[in-house]
Each structure stands twice: as C-alpha cells, then as structure tokens.
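Worksheet: one structure, shown below.
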Amino acid sequence: MEYFPKRLARKESDHLANRIRSLIADRGWGFWAVEVPGQSSFIGYVGLHIPRAAMPFHPCVEVGWRLAKEHWGQGYATEAARASLDYAFNHLQLSEVVSFTTLKNVRSQAVMEKLGMSLDRHFQHPDLDANSTLREHVLYTIKRSKWARGQRI
C-alpha cells in the first residue's frame, strides 16, 4: 500500500475482498488471488477490473496488481498481469486494456512497460485530494493488435 493514500483497516480489507469475489461471481473475471506454490498461499491479487466512471478515460478495463512488499521484484506481477492480458484479449476479445498508477510508482510503471504497454498521458486522480502527493497519475495502454504481435516474438 506504499502508493495508496492509507492502509485499509481489517474491516475495509474484508469488504474489498468480498467485493472482488462478488465481481468475479457476476462477470466471471476480475482481480484473482495470487499464490506462490510451496511458499505462500496468498501474496496479493492481479487481474482485470472496470474502473469507476469518474476516471477521465472511462469506459475501459484495467489490468492491475497489488502484492505484498516481500514479493515485489520477483516477476510475479508481470507474470500474472501477462496472463490477465492474455485473458482480456483472447477470451474477452477486448480491443484495449489500460493500467494506471501514481507518477511516483516507478516499479509498477516498469511492469507496464515490460507488458508492452505505452504511456498514454498524465492525469489527476479524481478520488485524491488536490494537495495529495499521489494525485498525479500516469495512464498506460495496450491494444489487442500490439499484444498479439508481442506474443509472437
């Protein structure tokens, strides 16, 4: 939660987990739990989500991730996000997927670039206070055609 305005209290975290489960039950896809076989039964989640309508680039589907800090830098986010993009383009037949993060989160931006995503623009996150140091965000995008080319390489 390094690049989020605050850590979630247990009740908030449980509510989020229930919401994620509900969205998967309704749509058949969403943010999926990530495990490391033989090491950890749950390290976070990665997957697809429809951001709120208030986002300046809505409507869209995003690929996103949130992993426990001790599992950063080991390729788990990239591997799982790659599988999520494959699902988005080959199963859901989406034409484009986005991802976004605060300008300060260079690790997530590096994951987006490893996935073949391109920087589209900067924007001010509408849910963050105007004085927040996390408010400036970057939006990355990838089209199905670019994804398909990259998977043949």
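The values are calculated or read from the model by the stated rules, or taken from the named source; none is laboratory data. The structure presented is a predicted model; accordingly, all values stated were derived computationally and were not measured. Because the Cβ atoms are built from the backbone with ideal geometry, glycine has one as well, and the counts that use them run over all protein chains shown. Calculation scope for accessible area: heavy atoms of the full protein, side chains included, ligands and nucleic acids excluded. Shrake-Rupley method; radii C 1.70, N 1.55, O 1.52, S 1.80 Å.
The table for this structure:
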{"quantity": "Residue-normalised accessible area of the chain, expressed per residue, 1.4 Å probe, Å²", "calculated": "60"}
{"quantity": "Fraction in percent of alpha-carbon pairs per bin - 10 Å, the chain", "calculated": "10, 39, 40, 10, 0"}
{"quantity": "Centroid-to-centroid separation of region 120-152 and region 75-100 [C-alpha atoms, Å]", "calculated": "14"}
{"quantity": "Per-residue SASA entry for TRP32, accessible area with 1.4 Å probe, Å² rounded to 10", "calculated": "80"}
{"quantity": "Stokes-Einstein diffusion coefficient of region 98-153, Kirkwood radius over Cα pairs, 10 °C, 1.306 mPa s, in µm²/s", "calculated": "132"}
{"quantity": "DSSP bridge pairs, the chain: antiparallel proportion in percent, nearest 5", "calculated": "95"}
{"quantity": "Estimated dipole of the chain in Debye, rounded to 20 [Cβ of Lys and Arg +1, of Asp and Glu -1, Cα centre]", "calculated": "120"}
{"quantity": "Vicinal HN-Hα couplings computed from phi for region 118-128 (Karplus, 6.51 cos²θ - 1.76 cosθ + 1.60; Hz; Gly/Pro x)", "calculated": "10, 5, 9, 5, 9, 8, 9, 5, x, 8, 9"}
{"quantity": "Extension gain from ARG7 to VAL36, taking 0.36 nm per residue of separation minus the Cα-Cα distance", "calculated": "8.1 nm"}
{"quantity": "Listed residues GLU70, GLU35, GLU136, most fluctuating in the chain (Gaussian network, C-alpha, under 10 Å)", "calculated": "GLU70"}
{"quantity": "Lys/Arg +1, Asp/Glu -1 at C-beta; the chain dipole; positive extreme among PRO37, VAL106, ILE24", "calculated": "VAL106"}
{"quantity": "Accessible surface of the chain, 1.4 Å probe, proportion on carbon and sulfur as whole %", "calculated": "51"}
